[in-house]
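Q: Submitted below is the structure of interest, expressed as structure tokens.
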Amino acid sequence: MAERPSILLVLLPLGLAVAWLSSHFQQTPAVSAPKRSAPGWGTLIACSEATSFDSKRSLSLLSDGRARLTDRSAEKIQVVRGEWSVVDDDRHLYRIDVEGSVGNYFVVSPPDAEGCLLSFGSVDHADLRRSWFSIQIDENDLRDPP
């Protein structure tokens, strides 16, 4: 009678093959670095959701420097994307580059006010028609969309 190989000799290579295959093809979830806020975001966050003088347009600023302008003045709603950046953090001066709202704006936010103003122009000569007025939003809405 021929000797049969022990079950251990059969299972050991099989187990090693399964272990190698599972480690080789195992997908590890991608760990992304936490999103970093753009410089100046700490001041700008109070104005991150704003409306125009006539409330027909809205401006959304995201923590990573992206911007979105929604225009409801025509029959068809138009959404334009762009970006914002800090020009002078100490003076709360920002640049917004979104078609329909390009220029330098400064944040006016008195300590006891509940909102703020993204003012186009200067403190002495603000152009309110080109400025943006903050709107109240729920804190949960401050999270950036994917």
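Q: Hey, can you tell me all the residues within the range 33-57 that are under 19 Å from D127 (Cβ atoms), within 16 Å of the chain's Cα centre (by Cα) and assigned to a strand (DSSP E or B)?
A: Matches in the range 33-57: A50 only.
Q: Which members of the range 73-99 meet the condition of being exposed (fewer than 15 other Cβ atoms within 10 Å of the Cβ), outside any strand (DSSP E or B) and in contact with a strand residue (DSSP E or B) (Cβ under 9 Å, 6 or more places away or on another chain)?
A: Residues satisfying the conditions are S73, I77, R91, E99.
Q: Could you list all residues from the range 46-70 that are touching a Lys or Arg at 6+ places or on another chain (Cβ under 7 Å), among the hydrophobic types (A, V, I, L, M, F, W, C) and touching a residue at least 60 places away in the same chain (Cβ under 8 Å)?
A: F53
Q: Further question on the same structure: Restricting to the range 12-54, count the residues that are modelled with pLDDT under 90, in contact with a strand residue (DSSP E or B) (Cβ under 7 Å, 6 or more places away or on another chain) and open to solvent by 80 Å² or more (accessible area, probe 1.4 Å).
A: 1
Q: Please state which of the following conditions R57 fails to meet, knowing it meets all the rest: (1) under 18 Å from S37 (Cβ atoms); (2) modelled with pLDDT of 95 or more; (3) crowded, with 18+ Cβ neighbours inside 10 Å.
A: (1)
Q: Counting just the residues of the range 111-121 that are free of Cβ contacts under 8 Å to residues at least 12 places away in the same chain and open to solvent by less than 60 Å² (accessible area, probe 1.4 Å), which one comes out nearest to A50 (Cα to Cα)? First the steps, then the outcome.
A: Initially, the range 111-121 is screened for residues free of Cβ contacts under 8 Å to residues at least 12 places away in the same chain, giving 111-113, 121.
Of the ones still in play, those that are also open to solvent by less than 60 Å² (accessible area, probe 1.4 Å) are 113, 121.
Details: A113: 15, G121: 17 Å.
Checked the range 111-121; the qualifying residue nearest to A50 (Cα to Cα) is A113.
The values are calculated or read from the model by the stated rules, or taken from the named source; none is laboratory data. What you see is a predicted model; the values in this text were computed from it and never measured. FYI the Cβ positions are ideal-geometry reconstructions off the backbone, even for glycines, and counts take in every protein chain you see. With ligands, DNA and RNA removed, areas are computed over all heavy atoms of the protein, side chains included. Shrake-Rupley method; radii C 1.70, N 1.55, O 1.52, S 1.80 Å.
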